[in-house]
Amino acid sequence: MAKSRASNVTRAKELAAKLQRQGVEGVVLSYVETAGINRIKTIPVARLPRATEVGVGMSPVFDTFLSDDSITTTGEMGGPDGDLRLFPDLDQIVVLAGQPGWAWAPVDRRTQDDEPYAACQRTFARTMIERAADAGLTVQMAFEIEWCVGKTGTDDFVPACSGSAYGMTRLVELSDYARDILTALEKEDVDVDQLHPEYAAGQFEVSVGAADPVAAADRSVLVRQTIRAVSAEHGVRPSFAPSVVPGTVGNGGHVHLSVWRDGTNVFAGGPGRFGMAEEGEAFAAGILAVLPALCAVGAPTPASYLRLVPSHWAGAFACWGRETRESAMRFVTGLAGTEKDAANFEVKSFDLAANPYLVVGALIAAGLRGVRDALTLPAEVTGDPARFSEEELAEMGVRRLPTSLDAAIDEFAACYFLREEMGKTLADAVLAVRRAEAERFRDAAPEDVAAALRWVF
Ligand code: GLU
Ligand code: MG
């Protein structure tokens, strides 16, 4: 540790000098806490070597913050005591294209005794990646980012454009804005796959290339703050909230994932359905088996359940299907002949209020358990599962995912395996924050839930 810390400090000095030459004055040190909020400290760029050596202090209390900055507690957390050290990940420092003079670095959090912090979500994600590596597997992921572009000057959502879903008119209306997003992401070395007008009023989507899961989570944070900064320049307001206007289609945070053994994609070229190898099927089945509990991680607010409803392409049923956009797990094989690179599962049920590091770690944990227990997938479901009766769905072995945050919390609380993988400190924080968030909105009307969370994430 000490040796790598010393070489990191040498690197940080070079990096700080380079950033200064690029006009950077300040570096944002950022992490996402349990409620899904990106919390930060900033340092002058010249402090980067020092921050790399000893970290930057920040209270552990934020892991029990709610999305309105009120604070709940667990047996261990939530009080005024203690401190943590934030260590910037030098490999991921990015000069922010939408915020001149600023660079950004995700951090790992360590205790004052220089140990990994038990509730550091980014560390949890990395630990699960290491666990996969121990099993000989590599995972690649990508988060899709959906957001609705609103007018400023109001807390209501008033779309900043009026054109049709997937329509050219909408792009013409926000042409400079959309171009500036592409330019900014290009400058930040984010490999954008696509940008398009989405279904809901004023909605757009950016999808990016797959990466190592922690890097994919970092990118999810970076892309959103870049969109936020470009939006500010253009006098519009982005909402990444699960439900912007209740009753209409919301913003998803779909996660694409592929799993590799010895450089071979286990979702292609195998003897199973649509070319899945046994191991690939088992990984996917592991996720499907605990998807209701995973909703407490990936759909973490009451607003998430205004979005996660049938017939909205949000993935409200725990089933899988090839290119089935109503299943929670859409299997994607890509253009014929490209399956070996392209095949992946898209987990659709999650949204962008989720902590992406927790999502990444929990998905890998669930997948690895599927592989360990050699789970198999049930029959594929095509078409909209909403057309079946409850009895028919039960016969098919298809569950509706939780319809409320309370129901997801119950699933998570009962999912001993997932809580154990997270560790008690982290799992307790998830439970406490979700319970408090559910309590905060007890009996609130959907409009009030959406309004309270519309501009937060
Ligand atoms: N906006 C939808 C959601 O809430 C997803 C639409 C799509 O399939 O891209 O997840
Ligand atoms: Mg979409």
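The values are calculated or read from the model by the stated rules, or taken from the named source; none is laboratory data. Quantities reported herein were computed from a predicted structural model and do not represent experimental measurements. Reconstructed Cβ throughout: ideal geometry from the backbone, glycine too, with neighbour counts over all protein chains shown. For the accessible areas, the whole protein counts, side chains as well, though only heavy atoms, and no ligand, DNA or RNA atoms are used. Shrake-Rupley method; radii C 1.70, N 1.55, O 1.52, S 1.80 Å.
A few comments on the model shown:
- When the stretch 291-315 is limited to residues that are within 15 Å of Glu146 (Cα to Cα) and more than 17 Å from the chain's Cα centre (by Cα), the one that is nearest to ligand 2 (Cβ to nearest atom) turns out to be Trp313.
- Only one of the numbered conditions (1) open to solvent by less than 10 Å² (accessible area, probe 1.4 Å); (2) touching an Asp or Glu at 6+ places or on another chain (Cβ under 7 Å) is not met by Arg261, and that is (1).
- Residues located in the stretch 158-193, provided they are open to solvent by less than 60 Å² (accessible area, probe 1.4 Å), small (Gly, Ala, Ser) and within 16 Å of ligand 1 (Cβ to nearest atom): Ala165, Gly167
- A single member of Glu447, Glu411, Glu421, Glu439 is over 21 Å from Thr248 (Cα atoms), in a helix (DSSP H, G or I) and out of contact with any helix residue (DSSP H, G or I) (no Cβ under 9 Å at 6 or more places or on another chain), and it is Glu439.
- Boolean, Ala184 is within 21 Å of the chain's Cα centre (by Cα) and closer than 19 Å to Gly235 by Cα: yes
- Considered as a group, the residues in the stretch 97-130 that are open to solvent by 60 Å² or more (accessible area, probe 1.4 Å) and in a strand (DSSP E or B) include one that is nearest to Ala16 (Cα to Cα), and that residue is Trp102.
- Index of the failed condition, Met77 passing every other in (1) in contact with a Pro (Cβ under 7 Å, 6 or more places away or on another chain); (2) open to solvent by 10 Å² or more (accessible area, probe 1.4 Å); (3) not in a loop (DSSP other than H, G, I, E, B): (3)
- Pairs where the first residue, in the stretch 194-216, is polar (S, T, N, Q) and away from ligand 1 (no atom under 12 Å from the Cβ) and the second is open to solvent by 30 Å² or more (accessible area, probe 1.4 Å) and part of a strand (DSSP E or B), C-beta under 6 Å, 6+ apart: none
- With respect to the stated conditions, Ala142 is in contact with a helix residue (DSSP H, G or I) (Cβ under 6 Å, 6 or more places away or on another chain), under 17 Å from Phe240 (Cβ atoms) and not aromatic (Phe, Trp, Tyr).
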